[in-house]
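Here is the structure we will look at.
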Amino acid sequence: DQQVKQNSPSLSVQEGRISILNCDYTNSMFDYFLWYKKYPAEGPTFLISISSIKDKNEDGRFTVFLNKSAKHLSLHIVPSQPGDSAVYFCAASDSTSGTYKYIFGTGTRLKVLA
Amino acid sequence: ETGVTQSPTHLIKTRGQQVTLRCSSQSGHNTVSWYQQALGQGPQFIFQYYREEENGRGNFPPRFSGLQFPNYSSELNVNALELDDSALYLCASSNGLAGNTDTQYFGPGTRLTVL
């Protein structure tokens with residue numbers, strides 16, 4: 001049972017345009033969400049997070065939106081740059097579980113075309 | 001401030017053998033989590049250590065065990081290796097103060113191949 005789903009395995013976007021990466025979850029107890037970026041042969045790098053008490057969080061070119069009723073979050077990258085080409089993972093955690101483990105999606109490979 | 005480091009980078013073992021992977025947490029962090037990432041999948045939680053005590057475990061058999069030392073570095077041990085244990089093993093550290101909203105910072109991983 002996959003509790004966090006990234007249904008698009010890959011996405012291609014032109015440089016300068018917006019990249020939108022999507023993530024759906026099934027567990028209504030999740031209350032903290034994160035996005036990580038991963039380059040080959042490196043560990044995941046933290047990008048941005050959002051608590052369930054918010055519906056939007058911005059950090060520079062990156063914005064995460066959370067729709068709790070739809071159990072959906074998205075990451076917007078504006079403008080997209082070739083260096084953004086990587087695999088993006090969304091992750092979620094449930095603070096009531098007593099363990100601060102992250103449940104990850106399977107990732108979306110973003111390719112930004114110059 | 002040094003980030004999370006892991007050793008070794010790569011490792012090749014045969015079925016039935018045992019392996020120990022090591023992780024040094026980021027300066028100031030007292031919590032270490034271990035994840036397994038199989039090819040084409042997202043990382044899967046193995047277990048977490050907070051101040052030298054196990055603080056939760058994922059759906060992994062007992063042959064996966066861990067340890068955290070007083071300096072908050074950590075080891076992951078896997079006994080009786082199986083072919084399916086071939087994966088990237090990731091260590092992540094956090095400061096254990098903000099609870100659920102702690103952000104975990106990952107090391108570069110150890111690539112384990114079991115033949």
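Would you mind listing the strands (runs of 3 or more DSSP E) fully within chain B where at least 1 residues are at the interface with chain A (Cβ under 9 Å from one of its Cβ atoms), aromatic (Phe, Trp, Tyr) and touching a Gly at 6+ places or on another chain (Cβ under 7 Å)?
Working: elements: B:5-7, B:10-13, B:19-24, B:31-37, B:44-50, B:53-57, B:64-68, B:74-78, B:87-94, B:110-114.
Here the list reads B:44-50.
Pairs please, first residue from region A:90-108 and closer than 15 Å to A:Asn7 by Cα, second anywhere and charged (D, E, K, R) and at pLDDT 90 or above, Cβ atoms under 6 Å, 6+ apart in sequence or on different chains.
Every condition considered, the pairs that remain are A:Gly105/A:Lys5.
Can you say whether A:Glu58 is surrounded by fewer than 19 Cβ atoms within 10 Å (Cβ to Cβ), out of contact with any Ser or Thr (no Cβ under 6 Å at 6 or more places or on another chain), under 20 Å from B:Phe106 (Cα atoms) and not β-branched (Val, Ile, Thr), as far as the supplied structure shows?
Against the criterion (surrounded by fewer than 19 Cβ atoms within 10 Å (Cβ to Cβ), out of contact with any Ser or Thr (no Cβ under 6 Å at 6 or more places or on another chain), under 20 Å from B:Phe106 (Cα atoms) and not β-branched (Val, Ile, Thr)), A:Glu58 does not qualify.
Given the conditions (1) under 11 Å from the mean Cα position of the chain (by Cα); (2) in contact (Cβ under 8 Å) with a residue 40 or more places away in the chain, which single one is not true for A:Ser28?
So the condition that A:Ser28 fails would be (1).
Within region A:34-53, which residues are among the aromatic types (Phe, Trp, Tyr), closer than 15 Å to A:Thr106 by Cα and outside any loop (DSSP other than H, G, I, E, B)?
Within region A:34-53, A:Trp35, A:Tyr36 meet the criteria.
For A:Pro44, work out the one condition from (1) without any contact (Cβ under 8 Å) to a residue 12 or more places away in the chain; (2) surrounded by 13 or more Cβ atoms within 10 Å (Cβ to Cβ); (3) under 13 Å from the mean Cα position of the chain (by Cα) it doesn't fulfil.
The number of the failed condition is (1).
For region B:64-97, how many residues are of a type in the set (Ser, Thr, Tyr) and on the phi > 0 side of the Ramachandran plot?
Filtering region B:64-97 down to residues of a type in the set (Ser, Thr, Tyr) leaves B:65, B:72-74, B:86, B:89, B:93-94.
When the remaining residues are screened for being on the phi > 0 side of the Ramachandran plot, the result is B:72.
So the answer is 1.
Would you check which residues across region A:19-32 are at pLDDT below 95 and hydrophobic (A, V, I, L, M, F, W, C) and list them?
A:Met29, A:Phe30
Taking region A:67-106 as the search range and keeping residues that are away from chain B (no Cβ under 14 Å), surrounded by 17 or more Cβ atoms within 10 Å (Cβ to Cβ) and of a type in the set (A, V, I, L, M, F, W, C), which one is farthest from A:Asn27 (Cα to Cα)?
A:Ile77
Could you identify the single residue in B:Asp102, B:Asp84 that is touching a residue at least 60 places away in the same chain (Cβ under 8 Å) and within 28 Å of A:Pro40 (Cβ to Cβ)?
Sole residue among the options that is touching a residue at least 60 places away in the same chain (Cβ under 8 Å) and within 28 Å of A:Pro40 (Cβ to Cβ): B:Asp102.
Does A:Gly16 satisfy the criteria of being in a loop (DSSP other than H, G, I, E, B) and touching a Phe, Trp or Tyr at 6+ places or on another chain (Cβ under 7 Å)?
no
Kindly indicate whether B:Thr31 is exposed (fewer than 13 other Cβ atoms within 10 Å of the Cβ) and out of contact with any Asp or Glu (no Cβ under 6 Å at 6 or more places or on another chain).
In short, no.
Just the residues that are surrounded by fewer than 14 Cβ atoms within 10 Å (Cβ to Cβ) and either of a type in the set (D, E, K, R) or under 21 Å from B:Thr14 (Cα atoms) (or both), please, taken from region B:53-78.
Scanning region B:53-78 gives B:Glu53, B:Pro61, B:Pro62, B:Arg63, B:Asn77.
Sort out which residues of region B:27-45 are farther than 18 Å from B:Ser94 by Cα and in contact (Cβ under 8 Å) with a residue 12 or more places away in the chain, and write them in order of number. Before you say what the answer is, go through the steps one by one.
Initially, region B:27-45 is screened for residues farther than 18 Å from B:Ser94 by Cα, giving B:37-42.
B:Gln37, B:Ala38, B:Leu39 - these are the residues of region B:27-45 that are farther than 18 Å from B:Ser94 by Cα and in contact (Cβ under 8 Å) with a residue 12 or more places away in the chain.
The values are calculated or read from the model by the stated rules, or taken from the named source; none is laboratory data. All values reported here derive from a predicted model rather than from experimental measurement. Glycine also receives a Cβ, built like all others from the backbone with ideal geometry; neighbour counts cover every protein chain displayed.
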